[in-house]
1. In the same structural domain as A:Ala312 (by TED's automatic domain parsing), modelled with pLDDT of 95 or more, small (Gly, Ala, Ser) and over 23 Å from A:Lys314 (Cβ atoms): does that describe A:Ala34?
2. If A:Cys83 satisfies every condition in (1) touching a Phe, Trp or Tyr at 6+ places or on another chain (Cβ under 6 Å); (2) in a loop (DSSP other than H, G, I, E, B) but one, which is the exception?
3. Please determine, by comparing only the residues of segment B:93-146 that are β-branched (Val, Ile, Thr), farther than 19 Å from B:Phe6 by Cβ and not in a loop (DSSP other than H, G, I, E, B), which one is nearest to the other protein chains (Cβ to nearest Cβ).
4. If you scan segment A:223-237, which residues turn out to be assigned to a helix (DSSP H, G or I) and out of contact with any helix residue (DSSP H, G or I) (no Cβ under 7 Å at 6 or more places or on another chain)?
5. Restricted to segment A:74-92, and to residues that are buried (at least 18 other Cβ atoms within 10 Å of the Cβ) and among the hydrophobic types (A, V, I, L, M, F, W, C), which residue is nearest to the other protein chains (Cβ to nearest Cβ)?
6. Right, A:Leu98: surrounded by fewer than 22 Cβ atoms within 10 Å (Cβ to Cβ) and at pLDDT below 95 or not?
7. Return yes when B:Val103 is among the aliphatic types (A, V, I, L, M) and closer than 27 Å to B:Met290 by Cα and no when it is not.
8. Within segment A:214-225, which residues are at the interface with chain B (Cβ under 10 Å from one of its Cβ atoms) and of a type in the set (A, V, I, L, M, F, W, C)?
Protein chains: 2
Amino acid sequence: MRALLFNGQQLQLGTAHPLPQPTAQEALLRIRLAGICATDLAILRGYKGFTGVLGHEFVAEVVACADPSWLQARVVGEINCGCGSCSFCARGNGNHCLSRRVVGIQGRDGMFAQYACLPVANLHRLPDSLSDQQAVFTEPLAAALRITEQITLAAGEPVAIVGDGRLGILVAHVLAHQGCADLYMVGHHPEHFSLWPASLKGHWHPEQLPEDFSFATIIECSGAASGWRWALAKVQPQGRIVLKSTFPGGVPVEPADWVVRELQIIGSRCGPFAPALSLLETATLPVEKMISAIYPLSDALTAFAHAQRKGALKILLAPEEE
Amino acid sequence: MRALLFNGQQLQLGTAHPLPQPTAQEALLRIRLAGICATDLAILRGYKGFTGVLGHEFVAEVVACADPSWLQARVVGEINCGCGSCSFCARGNGNHCLSRRVVGIQGRDGMFAQYACLPVANLHRLPDSLSDQQAVFTEPLAAALRITEQITLAAGEPVAIVGDGRLGILVAHVLAHQGCADLYMVGHHPEHFSLWPASLKGHWHPEQLPEDFSFATIIECSGAASGWRWALAKVQPQGRIVLKSTFPGGVPVEPADWVVRELQIIGSRCGPFAPALSLLETATLPVEKMISAIYPLSDALTAFAHAQRKGALKILLAPEEE
């Protein structure tokens, strides 16, 4: 089958990659659509030292499974595969299993392929009302929803999202949908204004924020150390910074300043799929408008080049049927 | 009057420092006893660029006040003096007033003197049952209690305190008193075992912790970057690090790791005085045993040298009456 592989040095389009064989607990999936994420681009720069088939945002059809009720189901799937027996897995928290494998990121082949395997426990059936092009946003939308499991926003609390790309836009819709009424975006892409929630109060270039603006909560979605530094400078005393994006390498910080200002820094990763699917069904999210281009899997190298262009939003890959 | 001043370069014992004059909202205090804190030692190394009379842990007697009900009262006092008019002060949160002055730390003379002024709003009367040598621990004990306002410990949650000096010992007693049953201390001073709470489950040298030990919550009380690094290495996924101690300078961190592990970092500074006084009255805290020495104010330079010795616990200064 066709598959897009990263060998640690470069991307390679394999045309005779072996078809994966599902275990008794897994389904064999035919991939219908898959999304390129910032994490995929980070892996190309060495993140996690991953090698293998990339890709973790996808919509697929079950083509083989020990449990026949799954056959032909159109599905999305959670990306963390826990060991099933450690203390985290025992508490139902395989997302933090210390020996977990993560689809297309850590120890397990991903979804930029014609076929892939995934544990049935990770699958979520898609309602007919959701198109593939909507449903492919389930995983990043779930990551945005994770914030609402971790923090509660007070009424009238001023909130900024730093980073106005794909993730920042999804986070803005999630927070607006939760009733956050004093919400601002900060970034370099005012041209994407039609994708912002209607209730957004403003958009600022990070260097043009007025002196007297500060925020009780800042969600860091920029994928850059500069966004993290901006958040530390603009958060109010006793404020919170939610870290959503990963960026490589170390940055110097002064923990004494966090003590004096009593700041909270909150790391935030994967989120819940069921509420994400429900939100995609019931809310008016501009996810289809966030698709910059769809490429066949055979053009994956072009697709990756496009995804790395400044201002590109979601780039999708559509594996061809045989 | 006598007062211990820091001029930005060195400590100086002034013998003819002018007597402070209270405003209509302030009381004039005669200092009975004052404690040297790690923050005082940090100021000598340049922390906050403070110059003036040092000292913020104290017990005093009110000797002049516009409100006669305070006269002759034995008191302790909160150290943050807000502007009274900003949005933080309006919410009763002068601790985080952006233009606050802080006794002996920022913009306001401290308590290593025979006399000092403090706003009446900052004063707390002492019950007769508390000795000066107990009550002088009110401020650091309040700082330890601040943790319990910020986080709730789950039953059976493993907690480590890194840093087994004065602050670490007070934090241990506060957490033990709150029912924390899986509590460990980490540091270089096993010789202080008689000061630990009876329920402490263990004490470890930071480099001798068994491989398979990790903690859901770590309270950083070490005053050193090494304690912070230890906490980041030993905290469990989805765990919390409460930063209590300040240490100067920047340290490199990898925020991406905090995202993946979903860590929470919580800065924690000043705490509530009323619960601290109540705890000093009702619990059996070994605070008097934590006093390594009491020096007259005229021997303050010797006292500071003692406070900087490894393993020294609380060093107190007793200003002489005229």
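The values are calculated or read from the model by the stated rules, or taken from the named source; none is laboratory data. Values in this document were obtained by computation on a predicted structure and should not be read as measured data. Heads up, the Cβs are rebuilt from the backbone with ideal geometry, glycines too, and the neighbour counts pull from every protein chain shown.
1. Details: in the same structural domain as A:Ala312 (by TED's automatic domain parsing): yes; modelled with pLDDT of 95 or more: yes; small (Gly, Ala, Ser): yes; over 23 Å from A:Lys314 (Cβ atoms): no.
In short, no.
2. A:Cys83 satisfies every listed condition except (1).
3. In the first step, residues of segment B:93-146 are kept if they are β-branched (Val, Ile, Thr); the result is B:102-103, B:105, B:120, B:136, B:138.
Going one step further and asking which of them are farther than 19 Å from B:Phe6 by Cβ, we end up with B:120, B:136, B:138.
Subsequent filtering for residues that are not in a loop (DSSP other than H, G, I, E, B) retains B:120, B:138.
Working: B:Val120: 25, B:Thr138: 20 Å.
Ranking the candidates gives B:Thr138 first.
4. Restricting attention to segment A:223-237, the residues satisfying the condition of being assigned to a helix (DSSP H, G or I) are A:225-234.
Passing the criteria: A:Ala225, A:Ser226, A:Gly227, A:Arg229, A:Ala231, A:Leu232, A:Ala233, A:Lys234.
5. A:Phe88
6. Details: surrounded by fewer than 22 Cβ atoms within 10 Å (Cβ to Cβ): yes; at pLDDT below 95: yes.
It is true that A:Leu98 is surrounded by fewer than 22 Cβ atoms within 10 Å (Cβ to Cβ) and at pLDDT below 95.
7. Spelling it out, B:Val103 is indeed among the aliphatic types (A, V, I, L, M) and closer than 27 Å to B:Met290 by Cα.
8. Filtering segment A:214-225 for residues at the interface with chain B (Cβ under 10 Å from one of its Cβ atoms) gives A:214, A:220, A:223, A:225.
Selection gives A:Ala225 alone.
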